[in-house]
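Data first, discussion second: the structure below is written as structure tokens.
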Amino acid sequence: MEPIALAKCWSLDDGAVCLLTKISEHTWELRVSRGPRLLRVEVFGDLHAAVTAAAAWRAQLVADARIA
């Protein structure tokens, strides 16, 4: 199966973007990047876990931006 980009989960004002891709029948990948820089990537066997992680990663990046 070819990877299928399913959704942009979120994007931030600083240019960070989170993309959800289906890479096989039961496998999803989350990828967070800012411009050409890859910040985080993880593969999940459960779509709900991937979506939950995307929300948590967004919250963490927003919190980190407030501290910086």
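Which residue is nearest to residue 4 (Cα to Cα), if the candidates are limited to the stretch 28-41 and must be of a type in the set (D, E, K, R) and under 8 Å from the mean Cα position of the chain (by Cα)?
29
The criterion of at least 1 residues that are surrounded by 12 or more Cβ atoms within 10 Å (Cβ to Cβ) and touching a residue at least 24 places away in the same chain (Cβ under 8 Å) is met by the following strands (runs of 3 or more DSSP E) wholly inside the chain: 4-11, 16-24, 27-34. Each residue in the stretch 33-52 was checked for being farther than 19 Å from residue 15 by Cα and either basic (Lys, Arg) or in contact with a Lys or Arg (Cβ under 7 Å, 6 or more places away or on another chain) (or both), and 0 of them qualify. Residues in the stretch 40-56 that are under 16 Å from residue 21 (Cα atoms) and of a type in the set (A, V, I, L, M, F, W, C): 41, 43, 44, 47, 49, 50, 51, 53, 54, 55. Could you tell me whether residue 21 is touching a strand residue (DSSP E or B) at 6+ places or on another chain (Cβ under 8 Å) and modelled with pLDDT of 95 or more? Spelling it out, residue 21 is indeed touching a strand residue (DSSP E or B) at 6+ places or on another chain (Cβ under 8 Å) and modelled with pLDDT of 95 or more.
The values are calculated or read from the model by the stated rules, or taken from the named source; none is laboratory data. It should be emphasised that the depicted structure is a prediction, and the values quoted were computed from it without experimental measurement. Note that each Cβ is placed from the backbone with ideal geometry, even for glycine, and that neighbours are counted across all protein chains shown.
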